[in-house]
Amino acid sequence: YLANSLSHRFPSSPPAGPGLGGEVVRSRGLLGVPEGAFVYSCFNRVLKIHPATFRAWVSILERVPGSVLWLLRFPPQAEKHMRREAERAGLARERLVFTSLAEEDRFLAMSLATDLSLDTPTCNAHTTATYSLWAGTPQLSVPGVRPVSRVSASLLQAANASGVFCFRSLEE
């Protein structure tokens, strides 16, 4: 779900729990991610994920046992390519979890079920970063020099979190 409309307004406070069809989702499993895993996510279009960024994320997964990376299946054909690259790096297939585009309630549930949202440095998350922060999900960003690569840093700064979750490089 991506709403880029001035008429769309967030409720005054984030939801108390992940909503799905008006019911509270008490299980990550219902959303398609492992219950006991540390869940990294990036719900940006897969086209925003540069190969160097993906390699850095695979490296993070290798260092954090039991963690998974939750990605948006958009466009759908990208899933097989990303799985192939992860497998080439020696990462088990089940460490990548893909999900399709979702309506707002499910998207918010996904954001709430995420432990840490990873941003794409070349072209940052815009609406998806806003939803993650609104849901209370921390976001890791590497701001660049172009305005399109500084959106998340601006959002993090507005949320008083820029010193903790903004890094100068992928290596950092």
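The values are calculated or read from the model by the stated rules, or taken from the named source; none is laboratory data. All values reported here derive from a predicted model rather than from experimental measurement. A quick note on method: Cβ atoms are made from the backbone with ideal geometry, for glycine too, and the neighbour counts reach across all protein chains shown. Accessible surface areas use protein heavy atoms only, side chains included; no ligands, DNA or RNA. Shrake-Rupley method; radii C 1.70, N 1.55, O 1.52, S 1.80 Å.
Please go through region 89-102 and give me each residue that is closer than 23 Å to E35 by Cβ and open to solvent by 50 Å² or more (accessible area, probe 1.4 Å), ordered by number. Scanning region 89-102 gives R93, E94, S100. On the basis of being in contact with a Pro (Cβ under 9 Å, 6 or more places away or on another chain), in contact (Cβ under 8 Å) with a residue 24 or more places away in the chain, surrounded by 20 or more Cβ atoms within 10 Å (Cβ to Cβ) and of a type in the set (S, T, N, Q), does S117 make the cut? The answer is yes for S117. Considering region 87-141, the residues that are among the polar types (S, T, N, Q) and assigned to a loop (DSSP other than H, G, I, E, B) include one that is farthest from L156 (Cα to Cα), namely S100.
Okay, residues lined up against (1) free of Cβ contacts under 8 Å to residues at least 12 places away in the same chain; (2) open to solvent by 50 Å² or more (accessible area, probe 1.4 Å); (3) more than 29 Å from P147 (Cα to Cα):
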| position | (1), (2), (3) |
| --- | --- |
| R73 | no, yes, no |
| E87 | yes, yes, yes |
| E104 | no, yes, no |
| S111 | no, no, no |
